[in-house]
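Have a look at the structure below, then the notes.
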Amino acid sequence: MNGKVVIVKSTSLFDGEDVNPTVWKRAIERGLQLLTDEKNVNLAVKRIFKVSDSVGIKINTISGKMLTTPPSCGLSFASILISGGLNPDSIFIWDRTNSELRKAGYTLNYSGKGVKILGTDTYGVSYDDELVEYKSIGSLFSKIQKNFVNASVSLAVLKDHGTTGITGVMKNFYGAIHNPNKYHDGRGDPYIPDLFSCPIIRSKHRLAILDAGKVQYHRGPGYNPRYCEKYNSILLSFDPVAIDYVGWKIIEEIRKKKGLKSLSEEGREPKWIYTAFKSNLGVSDPSQIKIIEEEI
């Protein structure tokens, strides 16, 4: 447990409706420096990863192009890791399906040189045949998460969710199993923390990034332009619970500004965040969360 959450903000994060990848990359670089207390971003990368690591960058493309971290940014993050000494052939940007990746604008790279971009449904990949039973979870895991990588990054988009309250870095890994539809009862409690605490995910977790450039603050998790707000921020943390807690409060902040009821008032409070704390995944007490904000 760490409790440190970095928020890097920039009013230049967008050019019109499109993310400015240069500014996005600068935000990530500065966030890594603040998170690790390193002046040099390459040293920051070395603090988090070993050069021998195979790194999975789990993105979330289910909501389509308008509510997905764009390819220019996903690849910018990969380039930061490469500059820090990691092998580009051992970096995987991935999600559930190739079709969702394509629709979000990603160009697939199954087996060529450089950073791999692929879905679990890629021929020869799929889900591992072994049923993993852990706490309340019984699932088949993507071979990408289970077998291909030894270090993982959750690169999620901050969204409201009609059932679980919010979707953030922990729920992002619903895209790593074959049966996420089974884990929305109880508003995701305890399934979201139980899944994340499974060793296949928890033991490989290195970094959490929450893309809050645009926030779907109501009627999520699909893209709904009426309830999507530019927040111009990128959050980084080692602590998946603390960053999801801060993300939740950002959604509540926007909802209040827009005159909407709180998630608690709507009966959608993400109580699974507190369960994640009880499972020793991180910190959910605001008095123990250290937020560092910087404008670039």
Discussion item. If I histogram all Cα-Cα distances within the chain using bins 5 Å wide from 0, what percent of pairs lands in each bin?
Written reply: 1, 6, 13, 18, 21, 19, 14, 7, 2, 0, 0
Item to complete: For region 100-257, report the translational diffusion coefficient in µm²/s to the nearest whole number, using Stokes-Einstein at 20 °C, 1.002 mPa s, and a Kirkwood Rh over Cα pairs.
Response: 130 µm²/s
Discussion item. If you filter region 66-158 for GluC sites (Glu not before Pro), then keep DSSP loop positions with at most 10 other Cβ within 10 Å, what is left?
Written reply: Glu130
Fill in: Distance cut-off 22 Å, percentage of C-alpha pairs in region 129-218 lying past it
25 percent
Worksheet entry | DSSP bridge orientation in the chain - percent antiparallel, rounded to nearest 5 | 50 percent
Discussion item. Please list, by residue number, every one of the GluC sites (Glu not before Pro) in region 1-44 that is coil in DSSP and has at most 16 other beta-carbon atoms within 10 Å.
Written reply: Glu17, Glu38
Discussion item. Please report Rg (one decimal) and Dmax (integer) in Å for the Cα set of region 166-270.
Written reply: 14.0, 41
Discussion item. Longer than 26 Å from Cα to Cα, which of Lys58/Lys113; Lys116/Lys204; Lys39/Lys103 are they? Say none if no pair is.
Written reply: Lys39/Lys103
Response to the item:
Across Asp244, Asp128, Asp18, the residue with the highest GNM fluctuation in the chain (Cα network, 10 Å cutoff) is Asp18
Fill in: Sorted largest first, extent of region 16-155 alpha carbons per principal axis (Å)
44, 35, 34
Discussion item. I'd like the chymotrypsin sites (Phe, Trp or Tyr not before Pro) in region 58-135 restricted to DSSP loop residues with at most 12 other Cβ atoms within 10 Å, sorted by number.
Written reply: Tyr123
Worksheet item: For region 246-296 and region 165-218, what is the separation of their C-alpha centers, rounded to whole Å?
Response: 15 Å
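Each reported figure results from applying straightforward, stated rules to the coordinates on display, with no laboratory input. What you see is a predicted model, and the numbers here were worked out from it, not measured in a lab. All Cβ positions, even for glycine, are placed from backbone atoms using ideal geometry, and neighbour counts span all protein chains on display.
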